[in-house]
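One structure is given below, encoded as structure tokens.
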Amino acid sequence: MPLAEYRRKRHFDNTPEPQGRKATSKGRRPKPVTLRFVVQKHDARRLHYDFRLELDGVLKSWAVPKGPCFDPAEKRLAVEVEDHPLEYAAFEGTIPAGQYGGGTVEVWDQGTWQAEGDPHDGLREGKLKFRLDGQKLIGRWTLVRMKRRPNDRATNWLLIKERDEAVRPLAEYDVTVALPNSVVSGRTLAEIAQHSESNSPADSPKTTKRAKERPTRRSKKSTPGELPGERVPMPETVALALASLVKKPPDEPHWLHEIKFDGYRILCRIERGKVQLITRGDQDWTERMGNIARAAAKLPVESAIIDGEVVVLLPDGMSSFQALQNAFQAHRERELVFYAFDLLYLDGHDLRSVPLERRKEILAGLLQGGGTQSRKSSPSAVIRYTDHITGKGEHVVAEASRLGLEGIISKRRDRPYVGGRGYNWVKTKFVRREEFVIGGFTDPSGTREGLGALLIGYYRPDGRLVYAGKVGTGFDDRLLIELRKRLDRIEQKSSPFLEVPAAFRKSHWVKPQLVGQIEFSNWTGDGRLRHPSFQGLREDKPAESVIRDEQTLSEVPEGDAMVTHAVKSNRGPSSRKSSQPANDEQRDPLGGIRLTNPERLLYPQEGITKLDLARFYTEIGDWILPHVVERPLSLLRCPKGLADKCFFHKHLDAGVAEALEQVMIREDDKDAPYLFVRDVDGILALVQMGVLEIHLWGARADSVEKPDRLVFDLDPEAGLPWSRAVEAAERVRDVLHEFDLESFVKTTGGKGLHVVVPIARRHEWPQIKSFAKGLAQRIATEAPDRYTINPLKARRVGRVFIDYLRNERGATSIAAYSTRARTGAPVSVPVAWKELKIDLSGDHFCVQNLPARLSKLKHDPWRELPSLRQSLTASALKAVS
């Protein structure tokens, strides 16, 4: 009896768990099919995850103490337990205390799984390889049975993530922390437990038997024994969650919005009555903020970590960084107020995995209980709760702007607390205030004392300090003299900046150690601050942490912050140089790439120079990067422009720019070096080489034998109307739909279209090519007078050539957003399917008009491509073979 052990351990009159129907006989082996899997988070004697795979009519089950992990280096113990009935996959609720497995169960993940080979053989031999397609867990995994030791009471396995497209280092991403809630109900374990108690039917036959064992129901105020989150020692350090800057706040109901304060970010740590106030730069400022420390010590907690901001409020209730600076300098700590907006740890419970809304609910109750702040308390309270508004982002922005606030912070109400900068928290600003590194200063003039202006900058990702302008306003006489004294102590002979304008080369230079907060109106075209004003020194942040915080998104990307196409670099269209070069060399203001002969005409008829092309790629860098980074490239080079010879270039030469990288690929029994890029600097290095066309592989450099994109190149015979190209693309799309494959379309910069299909990296080139050929052949066979897969020109008369050969090893296709080496400077551009209108054409977009198109787009036409997970199934491969 497959479920005999499961039923022997349970009393179904006392537990809500399903008893299960009779299972399929083990002797009957089904054909290889896609089956269900479920992972249930189980808070029993200790928290663990139950990993279950459907097979032979039951759920094969393992208890995984630490839960699954996307890092192949983390081999997670999986203890084999008894088979469970299929009905158990839907079970979510509380098993009463005293029953086997007593505790709360959450459906943490669910989906389908597919074995590699016969799963029965894998289980018998102790090595089961399979693929998961769940809401949280995806990709290839392996269960490996460990050698049984004499004292082992159960059979132990290891659950291991295989190396594929889904791999993520544990230090970067812990899926159990990032996505803690149920995929069925969206609730936490604590909420499931509470729901199970409050919704038990009074007349249930199980109710009476459980009544004596049921704990008392919770009061509205949480107590330590009722807190959600894992019970662990208080962490010594916490990585702060940081907000990404966006132009437009989210408006959906699963976001909440808070005021953006103008102060110092502080972590308040309380442990056995001792309080520490730690800055973002990990400095202990407890003594400087004694009033806040004394108030925190009175909170009714044993231990806690509270995240918040220390501010000084003006009479109108607004926070002011200058007033905060003045209070610190005058030692007026009584003016300091701590606005608490998050609770990360409380009395033995790590709350970071708990959804934000619940964390804030506990925080509000804590502050109200401590008498420091409630929503109706006196505005003179030292520690205050940061209230919020749910949804209505546009309305909140309008009101905040009307009130003259600096901006708002928007946060996903259903997400855990994750350190680092991401898109669970985003900020929208109305007043531009940023931190900049002080690298020098000028002498005063006239009656002014101390200094004339500060020379400031920010660090690039490569560690170079970029000059951002001078600041000569915002000082009073006392501050000018005090600043000069501090700067004199760190003066040095050479400039710390990558480069500065010639007019400031005789300025005083200092070690880049001090950070100033600057208010400004915007960035100028050459990467300088417009109307800057000094607000004060930032002593809470190290200088090396100061990077350019540029507005990058028109709106917040969907999902867990897994938004490849939307994560922008620090470069932006507002940072391009507007002046023409004065000599034969030009350094791009943000790329750091030396351009020789910047005025050389690459497109003579259009008057487009090398510098113009560099500016073009800098401006659209955020659009092209997701489609070219870390892919082997083949390049069409025209070093002297279209007026001279052009040639293809595949392999890395000695002496190319450092911004370009290489990957060794086997060719003709030897390894050949191919170029690839990681950032805009790499693309600018290609411009310096005279590259007018960027062609790329359908695979990434880290796994060149496993492609992740299919490309169908639709090339209509010259003279055919544009509608024929559109018709061909839509036919390819429709056939792909028959195999549950979504596709995307782009112009080629020529007369045709490309249909692009993202796929999981599961198959090698021969299988990919075979599928592409079979699909193209099917379309050509159905309408031989309209389509052909024969490349000979004689066979293409009146037809659209469906080129499937882009999908063989070593073949390339033009990159999205790459220019073409043709008159008119056309560009290959992704478009939405609905944009394929008769008045469009393959070369419709060009260097001159593309930036305007991109600036007007509300959505990236390919916004779903990076997160789309789809595979070529065995049935699809067979159907077109």
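The values are calculated or read from the model by the stated rules, or taken from the named source; none is laboratory data. Keep in mind that what you see is a predicted model, and the values were worked out from it rather than measured. We place every Cβ from the backbone using ideal geometry, glycine too, and count neighbours over all the protein chains shown. Note: accessible area is taken over every heavy atom of the protein model, side chains too, but ligands, DNA and RNA are not part of it. Shrake-Rupley method; radii C 1.70, N 1.55, O 1.52, S 1.80 Å.
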*Are any residues in the range 404-451 in contact with a Pro (Cβ under 9 Å, 6 or more places away or on another chain) and not in a strand (DSSP E or B), and if so, which ones?*
413, 414, 415, 416, 450, 451
_I'm trying to understand the selection: among the residues of the range 318-357, which are more than 34 Å from the chain's Cα centre (by Cα) and free of Cβ contacts under 8 Å to residues at least 40 places away in the same chain?_
323, 326, 327, 329, 330, 331, 332, 335
*Take residue 622 and decide whether it is under 27 Å from the mean Cα position of the chain (by Cα) and not hydroxyl-bearing (Ser, Thr, Tyr).*
yes
*Could you list, in sequence order, the residues of the range 804-846 that are over 15 Å from residue 756 (Cα atoms) and among the acidic types (Asp, Glu)?*
835, 839, 843
*Quick check: anything in the range 117-129 surrounded by fewer than 21 Cβ atoms within 10 Å (Cβ to Cβ) and within 22 Å of residue 182 (Cα to Cα)?*
no
_residue 878 without any contact (Cβ under 8 Å) to a residue 24 or more places away in the chain and closer than 25 Å to residue 680 by Cβ_ = no
_I'm checking my understanding of the structure. Among residues of the range 85-114 that are open to solvent by 30 Å² or more (accessible area, probe 1.4 Å) and in a strand (DSSP E or B), which one is farthest from residue 156 (Cα to Cα)?_
94
_Looking at residue 299 and the list (1) of a type outside the set (S, T, N, Q); (2) assigned to a loop (DSSP other than H, G, I, E, B); (3) at pLDDT 90 or above; (4) touching an Asp or Glu at 6+ places or on another chain (Cβ under 6 Å), which single condition is not satisfied?_
(4)
_Out of the residues in the range 263-278 meeting the condition of being touching a residue at least 24 places away in the same chain (Cβ under 8 Å) and open to solvent by 10 Å² or more (accessible area, probe 1.4 Å), tell me which one is nearest to the chain's Cα centre (by Cα)._
265
*For residues that are assigned to a loop (DSSP other than H, G, I, E, B) and open to solvent by less than 70 Å² (accessible area, probe 1.4 Å), scanning just the range 240-262, find the one that is nearest to residue 302 (Cα to Cα).*
240
*Only residues that are aliphatic (A, V, I, L, M) and either in a loop (DSSP other than H, G, I, E, B) or open to solvent by 10 Å² or more (accessible area, probe 1.4 Å) (or both): list them for the range 452-492, please.*
453, 466, 479, 481, 490
*Got a sec? Which of 761, 778, 795 is open to solvent by 40 Å² or more (accessible area, probe 1.4 Å), touching a residue at least 60 places away in the same chain (Cβ under 8 Å) and not polar (S, T, N, Q)?*
778
*Residues located in the range 454-474, provided they are charged (D, E, K, R) and in contact with a Phe, Trp or Tyr (Cβ under 8 Å, 6 or more places away or on another chain)*: 470
_Pair list, Cβ under 8 Å, 6 or more apart: the range 281-294 residue within 14 Å of residue 267 (Cα to Cα), other residue among the hydroxyl-bearing types (Ser, Thr, Tyr) and buried (at least 16 other Cβ atoms within 10 Å of the Cβ)_ = 285/264; 285/279; 293/286
*asked:* Out of 726, 704, 732, 745, I need the residue that is assigned to a strand (DSSP E or B) and open to solvent by less than 60 Å² (accessible area, probe 1.4 Å). Which one?
replied: 745
*Condition test on residue 71, is it assigned to a strand (DSSP E or B), in contact (Cβ under 8 Å) with a residue 24 or more places away in the chain and surrounded by 18 or more Cβ atoms within 10 Å (Cβ to Cβ)?*
no
*Where in the range 162-213 are the helices (runs of 4 or more DSSP H), entirely inside, with at least 1 residues that are buried (at least 18 other Cβ atoms within 10 Å of the Cβ), among the hydrophobic types (A, V, I, L, M, F, W, C) and at pLDDT below 80?*
175-178
_Residue list for the range 631-647, filter: among the acidic types (Asp, Glu) and either in contact (Cβ under 8 Å) with a residue 60 or more places away in the chain or in contact with a Gly (Cβ under 6 Å, 6 or more places away or on another chain) (or both)_ = none
*Would you say residue 82 is in contact with a strand residue (DSSP E or B) (Cβ under 8 Å, 6 or more places away or on another chain), open to solvent by 30 Å² or more (accessible area, probe 1.4 Å) and among the charged types (D, E, K, R)?*
no
*State which residue pairs qualify: first residue under 16 Å from residue 452 (Cβ atoms) and inside the range 483-500, second residue of a type in the set (Phe, Trp, Tyr) in any location, beta carbons under 6 Å apart, and separation of 6 or more residues or different chains.*
487/441; 500/467
*Check the range 833-855 and report whether any residue there is in contact with an Asp or Glu (Cβ under 9 Å, 6 or more places away or on another chain), buried (at least 17 other Cβ atoms within 10 Å of the Cβ) and within 14 Å of residue 627 (Cα to Cα).*
no
*Among the numbered conditions (1) part of a loop (DSSP other than H, G, I, E, B); (2) in contact (Cβ under 8 Å) with a residue 12 or more places away in the chain, tell me where residue 308 comes up short.*
(1)
*Determine which member of the set 422, 446, 404, 463 is at pLDDT below 80 and under 25 Å from residue 352 (Cα atoms).*
422
*Answer yes or no: is there a residue in the range 434-451 that is touching a residue at least 60 places away in the same chain (Cβ under 8 Å), closer than 26 Å to residue 361 by Cα and open to solvent by 30 Å² or more (accessible area, probe 1.4 Å).*
no
*Do we find a residue being farther than 28 Å from residue 679 by Cα, over 28 Å from the mean Cα position of the chain (by Cα) and either modelled with pLDDT of 90 or more or open to solvent by 30 Å² or more (accessible area, probe 1.4 Å) (or both) anywhere in the range 539-551?*
yes
*Considering only the range 52-66, state which residues are in contact with a Ser or Thr (Cβ under 7 Å, 6 or more places away or on another chain) and surrounded by 22 or more Cβ atoms within 10 Å (Cβ to Cβ).*
52
*From 455, 480, 514, residue being within 29 Å of residue 681 (Cα to Cα) and free of Cβ contacts under 8 Å to residues at least 60 places away in the same chain*: 455
*Kindly indicate whether any position in the range 284-305 is within 27 Å of the chain's Cα centre (by Cα) and surrounded by 13 or more Cβ atoms within 10 Å (Cβ to Cβ).*
yes
